[in-house]
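Working notes, structure below.
The values are calculated or read from the model by the stated rules, or taken from the named source; none is laboratory data. In this text, all values refer to a predicted model and were calculated from it rather than measured experimentally. Heads up, the Cβs are rebuilt from the backbone with ideal geometry, glycines too, and the neighbour counts pull from every protein chain shown. Side chains are part of the model used for accessible areas, which takes the heavy atoms of the whole protein and leaves out ligands, DNA and RNA. Shrake-Rupley method; radii C 1.70, N 1.55, O 1.52, S 1.80 Å.
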Amino acid sequence: NIKIDGITGAVIVLVLFCFTSTLFSYFFNIHFICYYWLTFTILTGIWEYTYVTNRKIISNNANDLIKTNTHVWFQKYNINMILPWNTSNIFYSEYAAYADREYMSDKDKWSIIIEGSHALFCAVFALLSLYFNFMGNMKNFYITMSISMATQLMNSILYIGEYLIQLNSENSVNYKTRFPCGKYLEKRPFMYINLFWSLMPSYVLIYYIINK
């Protein structure tokens, strides 16, 4: 079996995503940055569905990472890690262990609400927007695209806001004294990926407001 480390796997996933999205881009009439973000939102929805349905497995994997002080980036995996459901299990484990420990907590369902609502409203409506664009129904394209991006932006704002509150809450698994984060979250660098889920939907919405 071919073995690759986590970093290599992540790069392969992104390359395959770009290749596949580019291959189908000729069927759509969408600004290229907006198009790639819509397709990435759909991929993210697959990852999120996998997280919601495999939360216990991911939580156990995250616990193992913490106990052994290891990261998925440097571990070896079978090449099939690039399949979306396997990619999700691996990198959500890293995220749960070293970015947001709510994702491995059994105390509440906050992470399920965040991930599940994003998959339902953002990813599903992103898929619908591509369908309507392909069919030439631009009115419904704009409506579904706007729903997808607006709910994504709100989801991200609420998530980041709640996360910052948790940093200063003694009852939270993310409490900064118990789970060090640094002054600017430099000890939890994986958290910075969330900026894309605020900046990109903002870009898409602003682009179409200005240009349509």
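Structural remarks
- Amide H contacts of Tyr77 (H built 1.01 Å from N, in plane; Pro and chain starts excluded): Ile4, Asp5 sit under 5 Å, all sequence-distant by 5 or more or on other chains.
- Among the listed pairs Lys56/Lys107; Lys67/Lys183; Lys107/Lys176; Lys139/Lys212; Lys76/Lys187; Lys56/Lys183, those beyond 22 Å (Cα-Cα): Lys67/Lys183; Lys76/Lys187; Lys56/Lys183
- Rounded to the nearest 10 Å², the accessible area of Thr22 at probe 1.4 Å: 50
- The length gained by stretching the chain between Phe27 and Trp110 to full extension, at 0.36 nm per residue less their Cα-Cα distance, is 26.1 nm.
- Relative contact order for the chain: 23 percent, from Cα pairs under 8 Å spaced at least 6 residues apart, divided by residue count.
- Prolate is the label for the stretch 1-98, because the ratio a/c of its alpha-carbon gyration tensor axes (a ≥ b ≥ c) is 1.5 or higher and a/b is greater than b/c.
- Portion, in percent, of the accessible area of the stretch 106-212 that falls on carbon or sulfur, probe 1.4 Å: 70
- Here the relative contact order of the stretch 130-212, from alpha carbon pairs under 8 Å that lie six or more residues apart, stands at 31 percent.
- Rounded if a/c under 1.5, otherwise prolate or oblate - the stretch 75-119, Cα gyration tensor axes: oblate
- Placing a label point 7 Å from the Cα of Ile206 along the Cα-to-Cβ direction, the residues of the stretch 38-67 whose backbone N falls under 18 Å from that point are 38.
- Using θ = phi - 60° and Karplus 6.51 cos²θ - 1.76 cosθ + 1.60, couplings along the stretch 149-154 (whole Hz; Gly, Pro as x): 6, 5, 5, 5, 4, 5
- Centroid-to-centroid separation of the stretch 65-132 and the stretch 1-43 [C-alpha atoms, Å]: 17
- Rounded accessible area per residue of the stretch 53-110, 1.4 Å, Å²: 52
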